[in-house]
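Shown next, in structure tokens, is the structure this report addresses.
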Amino acid sequence: MSRTSFRLCAWILCALCPALASAGVTVVVGADGRKMIVDDGAARRSAAPSKSKFSTRLREPDPQMELCINRHCDLQNLDVRLVKALIQAESGYNQNAVSRKGAIGLMQLMPGTAKLLKVSDPFDPEENVRGGTTYLRWMIDRFAGQVELAVAAYNAGPGAVEKHGGIPPYQETRNYVRRVLALYRGEDSDLPLTASVTRASLADGRKPYVTRNAQNRIVLTTSVSGSR
């Protein structure tokens, strides 16, 4: 069985038993070729990259990861800084991260979302970032470029955002959106929790691009250069 298959087996075990997920259980092959279930949760939790998840400053990834993020941001017409902020908040750049709810990898893809995005190995950085940026693009399009709603939908699901007509009244989601936006903007600021839900309607069909202007305000454009 391939390495990818073993990783997926580990995920299945974790999904079926939250206690295993929280412990960081995985499946490996021993020197004698036999399959073993091991607990590497302590190693994952103590890994240096995960510390950046709680940092108040946006962390720059290693050069290889930087290229991966830039590539998929270009493909999805996304602000690189926004994606870095989301990755840092989600996993602290720990590609082996598994949440207690079963979210996997750098951008913490849930199994159903990974399947929808055709991500066969969510532990693989390239596939994970491809899937995560694609999903974030969907959320930005769905909520007409309103980045706070797109980020909330990434965390709580688009249905919850639409149901509540804005950022859902879940403390976890509100803290998450505040954190991502603070990392993205480079400053703490009040969160517009009453932002209304609207749909994107661009006449020329171009994807909206979320960026920041000279006053450090988030703006919606249809050009990567920032021109309207």
When you look at MET107, is it closer than 23 Å to ILE167 by Cα and modelled with pLDDT of 95 or more, yes or no? yes
List the residue pairs whose Cβ atoms are under 8 Å apart, where the first residue sits in segment 81-95 and is among the basic types (Lys, Arg), the second is part of a helix (DSSP H, G or I), and the two are 6 or more positions apart or on different chains. ARG81/TYR184; LYS84/ILE69; LYS84/LEU183
I need every pair where a residue in segment 134-163 that is more than 17 Å from GLU90 (Cβ to Cβ) and small (Gly, Ala, Ser) has its Cβ under 9 Å from the Cβ of a residue that is assigned to a helix (DSSP H, G or I) and at pLDDT 95 or above, sequence separation at least 6 or different chains. GLY159/ALA153; ALA160/ALA152; ALA160/ALA153; ALA160/THR173
Cβ contacts < 8 Å: first residue surrounded by fewer than 19 Cβ atoms within 10 Å (Cβ to Cβ), restricted to segment 105-121; second residue part of a loop (DSSP other than H, G, I, E, B), any location; separation 6+ or different chain. Result? MET110/LYS101; MET110/GLY102; MET110/ALA103; PRO111/GLY102; PRO111/PRO122
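Quick grid of which residues meet (1) modelled with pLDDT of 55 or more; (2) of a type in the set (Val, Ile, Thr); (3) not in a loop (DSSP other than H, G, I, E, B):
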| position | (1), (2), (3) |
| --- | --- |
| ASP141 | yes, no, yes |
| TYR154 | yes, no, yes |
| VAL180 | yes, yes, yes |
| TYR184 | yes, no, yes |
| GLN215 | no, no, no |
| VAL219 | no, yes, yes |
| GLY226 | no, no, no |
Condition (residue is in a loop (DSSP other than H, G, I, E, B), in contact with a helix residue (DSSP H, G or I) (Cβ under 8 Å, 6 or more places away or on another chain) and more than 18 Å from LEU58 (Cβ to Cβ)) applied to segment 82-92: is it met by at least one residue? no
For residues in segment 156-174 being over 19 Å from the mean Cα position of the chain (by Cα) and not in a helix (DSSP H, G or I), which is surrounded by the most Cβ atoms within 10 Å (Cβ to Cβ)? GLY166
Hey, GLY102 closer than 19 Å to ALA114 by Cβ, in the same structural domain as ALA182 (by TED's automatic domain parsing) and out of contact with any strand residue (DSSP E or B) (no Cβ under 9 Å at 6 or more places or on another chain) or not: yes
Just to be sure I understand the filter: pairs with C-beta atoms under 6 Å, separated by 6 or more residues or on different chains, first member in segment 173-187 and in contact (Cβ under 8 Å) with a residue 60 or more places away in the chain and assigned by TED's automatic domain parsing to the domain that holds PRO158, second member among the hydrophobic types (A, V, I, L, M, F, W, C) and in a helix (DSSP H, G or I). Which pairs pass? ARG179/ALA89; VAL180/ALA85; VAL180/LEU86; VAL180/ALA89; VAL180/VAL151; LEU183/ALA85; TYR184/LEU82; TYR184/ALA85
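The values are calculated or read from the model by the stated rules, or taken from the named source; none is laboratory data. As the structure is a prediction and not an experimental result, all values here were calculated from the model. Using ideal geometry, Cβ is built from the backbone for each residue, glycine included, and neighbour counts are taken over all protein chains shown.
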